[in-house]
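Undergrad: My questions will all concern the structure given below.
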Amino acid sequence: MKIFSEMAIRRVLTGIAFSAIAMLILIILFILKEGLPFIFQIGPGNFLLSSDWSPLNGKFGIFAMIVGSLWVTAGALFIGLPLGLAGAIFLAEFLPRWAMRIIKPTIELLAGIPSVVYGFIGVMVLAPIIRDSLGGPGLSIMAASIILGVMILPTILSISIDSIKAVPNSYREGSFALGATHWQTIHMAVLPAAKSGIIAGIILGLGRAIGETMAVIMVVGNAAKIPASVLDSARPLTANIALEMGYATGMHRQALFATGVVLLIIIMMLNFAANTAIKNMVKK
């Protein structure tokens, strides 16, 4: 009876695990089925390398939106990565344990705030400050990058803290015994040992940044053009899909699914590159 129950539980857990994988595969296949025929119909070059997006006139170029997505994502990492990593080092290595048990959950609460709230703060507070101080329309790549940088901060910070705390104390003790300072120990012993977990947190933050929609729509300006600076408006791929899917029909709808295919490929490429970097670092 005990063996039968264990086998039943194992099969149930296996089925649940494979159902999650099956749902992911079905989502990917659905997006590819809806989007790939359109890409081959108008030509990958016309779709990916043209910046002329005018569905009413039969023009479906998304190059400007690809550039906008990369600008916003890079800006979010530029802001969120240093803050997240510095905060993780401070909380894990310098702050007393009782204080970290209070501050870390408080920071993680940022992940539970709805994205529309971040967007509202960006529109009402951040965009006017950028417009009055630096010029431009205010609703810009800089505003979106700052908002996304704050949104990915809890992910990078939380996972980095866990990775740093998981490093055995023997690493620190050995470094101190060799005469290293606290900072030298962190830099030369702790961070290299925790780098795989830290990079995993960065990957998750990257996925959150490039896939975020609502907050980006509210603060990025949504201009379908190639931005010349961080003060310009842009339209990322996710914003384009969300803005136009509600009324799109025919080829316009197919073009939005094709945009989803491109977004999926970009995310897969970034994850593959990050995972390859992790493996190379672990081998060193």
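Undergrad: Answer with yes or no whether Ile203 is under 30 Å from Glu93 (Cβ atoms), buried (at least 18 other Cβ atoms within 10 Å of the Cβ) and not small (Gly, Ala, Ser). First the steps, then the outcome.
TA: Values: under 30 Å from Glu93 (Cβ atoms): yes; buried (at least 18 other Cβ atoms within 10 Å of the Cβ): yes; not small (Gly, Ala, Ser): yes.
So Ile203 passes the test.
Undergrad: In a helix (DSSP H, G or I), without any contact (Cβ under 8 Å) to a residue 60 or more places away in the chain and either within 25 Å of the chain's Cα centre (by Cα) or not assigned by TED's automatic domain parsing to the domain that holds Gly260 (or both): does that describe Ile25?
TA: Details: in a helix (DSSP H, G or I): yes; without any contact (Cβ under 8 Å) to a residue 60 or more places away in the chain: yes; either within 25 Å of the chain's Cα centre (by Cα) or not assigned by TED's automatic domain parsing to the domain that holds Gly260 (or both): yes.
Against the criterion (in a helix (DSSP H, G or I), without any contact (Cβ under 8 Å) to a residue 60 or more places away in the chain and either within 25 Å of the chain's Cα centre (by Cα) or not assigned by TED's automatic domain parsing to the domain that holds Gly260 (or both)), Ile25 qualifies.
Undergrad: In the range 25-36, which residue that is surrounded by 13 or more Cβ atoms within 10 Å (Cβ to Cβ) and either in contact with a strand residue (DSSP E or B) (Cβ under 9 Å, 6 or more places away or on another chain) or not hydrophobic (A, V, I, L, M, F, W, C) (or both) is farthest from Ile267 (Cα to Cα)?
TA: Our first condition is that a residue be surrounded by 13 or more Cβ atoms within 10 Å (Cβ to Cβ); within the range 25-36, this holds for 28, 31-32, 34-36.
Those still in the list that are either in contact with a strand residue (DSSP E or B) (Cβ under 9 Å, 6 or more places away or on another chain) or not hydrophobic (A, V, I, L, M, F, W, C) (or both) too: 34-35.
On the way: Glu34: 18, Gly35: 16 Å.
If we take residues in the range 25-36 being surrounded by 13 or more Cβ atoms within 10 Å (Cβ to Cβ) and either in contact with a strand residue (DSSP E or B) (Cβ under 9 Å, 6 or more places away or on another chain) or not hydrophobic (A, V, I, L, M, F, W, C) (or both), then Glu34 is farthest from Ile267 (Cα to Cα).
Undergrad: Restricting attention to the range 96-123, report how many residues are under 18 Å from the mean Cα position of the chain (by Cα) and closer than 15 Å to Ile161 by Cα.
TA: Number of matching residues: 2.
Undergrad: Has the range 56-68 got any residue that is at pLDDT below 90, over 25 Å from Gly205 (Cβ atoms) and in a helix (DSSP H, G or I)?
TA: So far as the range 56-68 goes, yes, one or more of its residues are at pLDDT below 90, over 25 Å from Gly205 (Cβ atoms) and in a helix (DSSP H, G or I).
Undergrad: Test Leu91 against the stated conditions and say whether it is touching a Pro at 6+ places or on another chain (Cβ under 6 Å), surrounded by 13 or more Cβ atoms within 10 Å (Cβ to Cβ), in contact (Cβ under 8 Å) with a residue 40 or more places away in the chain and in the same structural domain as Ala209 (by TED's automatic domain parsing). If you could, list the steps in order and put the result at the bottom.
TA: Numbers: touching a Pro at 6+ places or on another chain (Cβ under 6 Å): no; surrounded by 13 or more Cβ atoms within 10 Å (Cβ to Cβ): yes; in contact (Cβ under 8 Å) with a residue 40 or more places away in the chain: yes; in the same structural domain as Ala209 (by TED's automatic domain parsing): yes.
Judged against the criteria, Leu91 is not a match.
Undergrad: Could you please give the count of residues in the range 170-187 that are over 16 Å from Phe90 (Cβ atoms), surrounded by 13 or more Cβ atoms within 10 Å (Cβ to Cβ) and of a type in the set (Ser, Thr, Tyr)?
TA: Counting residues in the range 170-187 that are over 16 Å from Phe90 (Cβ atoms), surrounded by 13 or more Cβ atoms within 10 Å (Cβ to Cβ) and of a type in the set (Ser, Thr, Tyr) gives 2.
Undergrad: Kindly indicate the residue of the range 179-204 that is of a type in the set (Ser, Thr, Tyr) and free of Cβ contacts under 8 Å to residues at least 24 places away in the same chain and also nearest to Asn271 (Cα to Cα) among those meeting that condition. Spell out the reasoning first.
TA: The initial filter retains those residues of the range 179-204 that are of a type in the set (Ser, Thr, Tyr), namely 181, 185, 196.
Those left that are additionally free of Cβ contacts under 8 Å to residues at least 24 places away in the same chain: 181, 185.
Details: Thr181: 35, Thr185: 30 Å.
The qualifying residue nearest to Asn271 (Cα to Cα) is Thr185.
Undergrad: Within the set of pairs 6+ apart or on separate chains, which have a first residue in the range 220-240 that is in the same structural domain as Thr73 (by TED's automatic domain parsing), a second that is acidic (Asp, Glu) and not in a helix (DSSP H, G or I), and C-beta atoms under 7 Å apart?
TA: Every condition considered, the pairs that remain are Thr238/Glu212.
Undergrad: At pLDDT 85 or above, surrounded by 19 or more Cβ atoms within 10 Å (Cβ to Cβ) and in contact with a Ser or Thr (Cβ under 8 Å, 6 or more places away or on another chain), is that true of Met151?
TA: Details: at pLDDT 85 or above: yes; surrounded by 19 or more Cβ atoms within 10 Å (Cβ to Cβ): yes; in contact with a Ser or Thr (Cβ under 8 Å, 6 or more places away or on another chain): yes.
Answer is yes for this residue.
Undergrad: What's the total number of residues in the range 225-264 that are in a loop (DSSP other than H, G, I, E, B) and over 17 Å from the mean Cα position of the chain (by Cα)? Outline the logic, then answer.
TA: First, pick out the residues of the range 225-264 that are in a loop (DSSP other than H, G, I, E, B): 225-233, 235-236, 245-249.
Subset that is over 17 Å from the mean Cα position of the chain (by Cα): 225-233, 245-249.
Matching residues across the range 225-264 total 14.
Undergrad: Only one of (1) more than 30 Å from Gly197 (Cα to Cα); (2) not assigned by TED's automatic domain parsing to the domain that holds Asn240 is not met by Phe18, so which one is it?
TA: All conditions pass for Phe18, except number (1).
The values are calculated or read from the model by the stated rules, or taken from the named source; none is laboratory data. Bear in mind that the values here come from a model prediction, so they are computed numbers and not experimental data. When we count neighbours, we look across all protein chains shown, and the Cβ atoms used for this are built from the backbone with ideal geometry, even at glycine.
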